[in-house]
Amino acid sequence: MSVAELDFDSCYRAVAARDARFDGRFYTAVTSTRIYCRPICPARTPASRNVRFYRHAASAEAAGFRPCKR
């Protein structure tokens, strides 16, 4: 995954695997809960239809999501 572009499929695979190599590279926002998390969050993997990816936590917050407390 390049720094300039977030590929949905690559990001979703990283979240599903809780791949630590992607920690800090993007944030996962879940539309059904309005929460965003890091890719290594131990929470259940959300359905792909409910997921948005953001480069920065501030971007997710600006879009109306709140941080995960885990």
Inset, instruction - Note down the nm distance, to one decimal, between modelled labels 7 Å out along Cα→Cβ at residue 23 and at residue 10. - result: 2.0
Legend entry - Candidates 49, 18, 34: whichever shows maximal mean-square fluctuation once the chain is modelled as a Gaussian network with Cα springs under 10 Å: 49
Legend entry - Separation in nanometres of the label points that stand 7 Å from Cα toward Cβ, at residue 55 and residue 69: 3.1
Legend entry - Karplus-derived HN-Hα couplings along the range 51-67 (A = 6.51, B = -1.76, C = 1.60, θ = phi - 60°), whole Hz, x at Gly and Pro: 10, 10, 10, 10, 5, 10, 4, 4, 5, 5, 5, 5, 7, x, 9, 10, x
Inset, instruction - Using the charge dipole of the chain (Lys, Arg: +1 at Cβ; Asp, Glu: -1 at Cβ; taken about the Cα centre), state which of 46, 22, 63 has its Cα farthest towards the positive end. - result: 46
Inset, instruction - Could you look at the chain and say what percent of its accessible area is carbon and sulfur, using a 1.4 Å probe and all protein chains? - result: 50
Inset, instruction - With viscosity set to 0.890 mPa s and temperature to 25 °C, compute the Stokes-Einstein D of the chain, Rh being the Kirkwood radius across alpha carbon pairs; µm²/s, no decimals. - result: 208
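The values are calculated or read from the model by the stated rules, or taken from the named source; none is laboratory data. If you're wondering where the values come from, they're calculated on a predicted model, not measured in any experiment. Note that we place each Cβ from the backbone using ideal geometry, even for glycine, and neighbour counts take in every protein chain shown. These area figures cover heavy atoms from the full protein model, side chains too; ligands, DNA and RNA do not enter into them. Shrake-Rupley method; radii C 1.70, N 1.55, O 1.52, S 1.80 Å.
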